[in-house]
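The values are calculated or read from the model by the stated rules, or taken from the named source; none is laboratory data. Keep in mind the model is a prediction, meaning the values are calculated, not measured. Positions of Cβ are generated from backbone atoms using ideal geometry, with glycine treated the same way; all protein chains shown enter the neighbour counts.
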Ligand SMILES: [Zn+2]
Ligand SMILES: [Zn+2]
């Protein structure tokens with residue numbers, strides 16, 4: 001079951017991002033990644049053999065729970081994927097802190113639980 005996470009930034013307002021696992025295939029969990037090449041964001045499967053940026057194709061992508069994407073860590077967890085073979089639980093946790101906004105290119109984006117559950 002996946003969930004909807006709301007991402008908001010003063011520059012674009014807000015939209016809903018679909019994250020988390022789906023029913024099939026069983027090992028599948030979407031999580032936002034930041035590309036360190038083009039500084040854009042993609043929602044990618046953490047269990048895939050490798051992750052690549054949806055915008056420039058670079059494999060230099062890090063989960064949003066990693067330092068380049070985090071501005072200020074928050075106290076409350078908004079969403080987390082279970083750790084995978086490749087990434088730690090910390091890298092796969094979104095808090096209510098501030099994160100990199102790929103649109104205005106500052107750490108001014110925030111995540112919140114949109115209260116939407118996907119089958
Ligand atoms: Zn890229
Ligand atoms: Zn922005």
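Observations on the structure shown:
- Qualifying residue in the stretch 109-118 (condition: more than 19 Å from residue 16 (Cβ to Cβ) and under 15 Å from the mean Cα position of the chain (by Cα)): no
- The residues listed here are 84, 66; of these, the one that is away from ligand 2 (no atom under 16 Å from the Cβ), touching a helix residue (DSSP H, G or I) at 6+ places or on another chain (Cβ under 7 Å), more than 18 Å from residue 16 (Cα to Cα) and touching a residue at least 24 places away in the same chain (Cβ under 8 Å) is 66.
- Residue check for residue 7: in a strand (DSSP E or B) and surrounded by 15 or more Cβ atoms within 10 Å (Cβ to Cβ): yes
- Search result, residues across the stretch 58-67 that are more than 7 Å from ligand 1 (Cβ to nearest atom) and either assigned to a loop (DSSP other than H, G, I, E, B) or farther than 17 Å from residue 30 by Cα (or both): 59, 60, 64, 65, 66, 67
- Residues of the stretch 98-108 that are farther than 18 Å from residue 19 by Cα and touching a residue at least 60 places away in the same chain (Cβ under 8 Å): 103, 104, 105, 108.
- Per the listing 15, 79, the residue uniquely part of a strand (DSSP E or B) and either in contact with a helix residue (DSSP H, G or I) (Cβ under 7 Å, 6 or more places away or on another chain) or within 16 Å of ligand 2 (Cβ to nearest atom) (or both) is 15.
- Qualifying residue in the stretch 79-101 (condition: within 16 Å of ligand 1 (Cβ to nearest atom) and either crowded, with 19+ Cβ neighbours inside 10 Å or modelled with pLDDT of 95 or more (or both)): yes
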